[in-house]
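Structure first, then comments.
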Amino acid sequence: MEWKEFAGTSIHAGNILSSKQLLHEMKKGVQREMVEEAKILPKDLHSLRPLDMRYIQAWPESGVPNAHFMYQFWHATITNTAMYDAQRDMETLTHTVDIHNALPKDLIEKDAVTWWSPKNGWDRIRTGFSKKMTHMYFNYLQKYGL
């Protein structure tokens, strides 16, 4: 999370959050990103919870000595109906010019959403940490299940 995500709340840059507060805010961030990136509504994310795994990488671009960034992994399930609704909404946003032109870029930067499988989809994932994180997630699933 970035401090800018706390705009409009009582939390300000430099505040120390309890782990309960941090998880609550992270959950809200996951829900917001699911709407922005995949058009999947919070009500459709069943059993949304953090997993006991993280991805940490050095962040030399930050300009802060020894800086790192971290991603917390989360898991939820959705129904086929929720996926169908997300696909329909994505199609509408992508192909309805008046809507498309009126929305901010972060809401329209994607043009499709679909089910994905590790059996035939690795070539569809960008390289770098996206691919590393996806491998970590599926290794976790194989080891611990859900």
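Annotated for the stretch 3-115: lysine pairs at least 8 residues apart or interchain, Cα distance under 23 Å, count 19.
Taking trypsin sites (Lys or Arg not before Pro) as exposed when DSSP calls them loop and at most 15 other C-beta atoms lie within 10 angstrom, the chain has its longest site-free stretch at 1-109.
Sequence-distant contacts, meaning Cα pairs under 8 Å at least 6 residues apart, place the relative contact order of the stretch 51-102 at 26 percent.
Per residue, the convex hull around the alpha carbon atoms of the stretch 3-115 comes to 155 Å³. Summing charges over neighbours of L41, with a neighbour being any other residue whose Cβ is under 10 Å away from its Cβ, gives -1 when K and R count +1 and D and E count -1.
Amide H contacts under 5 Å for M53: F73, restricted to partners 5 or more places along the chain or on a different chain, H placed in the peptide plane at 1.01 Å from N.
Treating r as the C-beta distance of T134 and N66 and R0 as 35 Å, the FRET efficiency rounds to 0.85.
Working note: 222 nm ellipticity from helices only, DSSP H runs with n ≥ 4, each -39,500 (n - 2.57), summed and divided by the residues of the chain, gives -13500 deg cm²/dmol to the nearest 500. Comparing N80, N15, N66 in a Gaussian network model of the chain, where Cα atoms under 10 Å apart are tied by springs, the biggest mean-square fluctuation is seen for N66. Remark: the stretch 131-142, residue by residue, has Karplus-estimated 3J(HN,Hα) of 5, 4, 5, 5, 4, 4, 4, 6, 5, 4, 4, 5 Hz, where x stands for each Gly or Pro and the curve is 6.51 cos²θ - 1.76 cosθ + 1.60 at θ = phi - 60°. The value of relative contact order for the stretch 3-115, using C-alpha pairs under 8 Å at least six residues apart, is 23 percent. Other residues lying with their Cβ under 11 Å from the Cβ of T134 contribute a combined charge of +4, Lys and Arg counting +1, Asp and Glu -1. Which of A67, A76, A38 moves most in a GNM of the chain, Cα contacts under 10 Å? Judging by the Gaussian network model, the answer is A67.
Straightening the chain between L22 and N80 buys 17.8 nm, computed as 0.36 nm per residue apart minus the Cα-Cα spacing. Remark: the stretch 121-129, residue by residue, has Karplus-estimated 3J(HN,Hα) of x, 4, 6, 8, 9, 4, 6, x, 5 Hz, where x stands for each Gly or Pro and the curve is 6.51 cos²θ - 1.76 cosθ + 1.60 at θ = phi - 60°.
Bear in mind that the values in this text are calculations on the coordinates, not laboratory data. Note that the coordinates shown come from a computational prediction; the quantities given were computed from them, not determined experimentally. Note: ideal-geometry Cβ built from the backbone for every residue, glycine included; neighbour counts use all protein chains shown.
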